[in-house]
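The values are calculated or read from the model by the stated rules, or taken from the named source; none is laboratory data. Remember, predicted model here, so these are calculated numbers, not experimental data. As a convention, Cβ positions derive from the backbone with ideal geometry for all residues, glycine included, and neighbour counts pool all protein chains shown. Ligands, DNA and RNA are stripped out before the accessible areas are found, and what is left, the full protein with its side chains, is counted by its heavy atoms. Shrake-Rupley method; radii C 1.70, N 1.55, O 1.52, S 1.80 Å.
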Amino acid sequence: RAHFRRGLPSKNACVPTMAERVHAIMEAMVPELEDLKKRSLCDDGEIKALVKRREAAEYRIARRAPTKEDFLYAVQLELNLAALIKLRRKRMGMPKRGASDFAIRKRVHFIFDRALRRFKGDEAMWLQWISYAEKTSARQRLGRLFAKALALLPNSSALWIRAATWEL
């Protein structure tokens with residue numbers, strides 16, 4: 001209370017609320033959504049629906065006690081979008097990838113990172129992230145993933161086998 005009398009901010013003044021964090025994440029998606037619209041991969045209605053779904057997924061993740069299913073729902077949403085964009089790009093004959101393609105990959109990694117900060121000991125989720133990184137050829141990230149996963153789960157034979165296979 002003494003802080004308020006002297007006009008100094010309280011300790012919690014700099015801590016963003018859940019809504020502010022979600023809003024910041026949603027704001028960061030704007031260039032990606034504009035790219036989807038510019039390349040005619042999604043129309044306005046689809047972008048609005050995508051924003052609503054992503055926002056709902058972000059609120060599920062940002063709540064006080066998110067479950068693994070909340071994170072996996074958000075990952076699945078992004079993977080479905082990536083598959084849809086890939087199909088449309090193929091149908092339209094667009095071999096060149098745009099900012100939105102890389103943003104989706106980055107977003108999936110961001111979701112997995114937040115999930116595994118919360119559920120460090122979940123071997124299945126680590127293996128899912130590793131599989132996704134292998135599928136998308138994220139070699140640099142794979143090295144860091146194996147190091148982190150093995151540091152947290154040193155007795156996991158599945159992780160050791162995958163790491164050894166990847167090193168060869």
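Data overview
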quantity	calculated
Residues satisfying the stated conditions in segment 45-69, i.e. in a helix (DSSP H, G or I), open to solvent by 70 Å² or more (accessible area, probe 1.4 Å) and of a type outside the set (Asp, Glu)	LYS48, LYS52, ARG53, TYR59, ARG60, LYS68
Residues located in segment 70-91, provided they are under 18 Å from LEU50 (Cβ atoms), open to solvent by 30 Å² or more (accessible area, probe 1.4 Å) and at pLDDT below 95	ALA82, ALA83, LEU84, LYS86, LEU87, ARG88
Residues being within 18 Å of ASN80 (Cα to Cα) and either part of a loop (DSSP other than H, G, I, E, B) or touching a residue at least 24 places away in the same chain (Cβ under 8 Å) (or both) - total across segment 104-124	7
Tabulated pairs, segment 149-168, first modelled with pLDDT of 95 or more, second among the hydroxyl-bearing types (Ser, Thr, Tyr) and open to solvent by less than 50 Å² (accessible area, probe 1.4 Å), C-beta under 8 angstrom, 6+ apart or interchain	ALA149/SER156; LEU150/SER156
Residue check for VAL108: surrounded by 15 or more Cβ atoms within 10 Å (Cβ to Cβ), modelled with pLDDT of 95 or more and not small (Gly, Ala, Ser)	yes
Near pairs, Cβ below 7 angstrom, 6+ apart or cross-chain, from segment 49-67 (closer than 13 Å to MET18 by Cα and among the acidic types (Asp, Glu)) to any residue that is open to solvent by less than 20 Å² (accessible area, probe 1.4 Å) and part of a helix (DSSP H, G or I)	GLU55/VAL22; GLU58/VAL22
Residue selected from segment 130-168 under the condition among the β-branched types (Val, Ile, Thr) and surrounded by 10 or more Cβ atoms within 10 Å (Cβ to Cβ), by the criterion farthest from the chain's Cα centre (by Cα)	ILE161
Unique residue being farther than 30 Å from ALA149 by Cβ and not in a loop (DSSP other than H, G, I, E, B) when the list is LEU79, LEU41, LEU33, LEU72	LEU33
Residue count, segment 41-67 (criterion: hydroxyl-bearing (Ser, Thr, Tyr) and more than 16 Å from ALA24 (Cα to Cα))	1
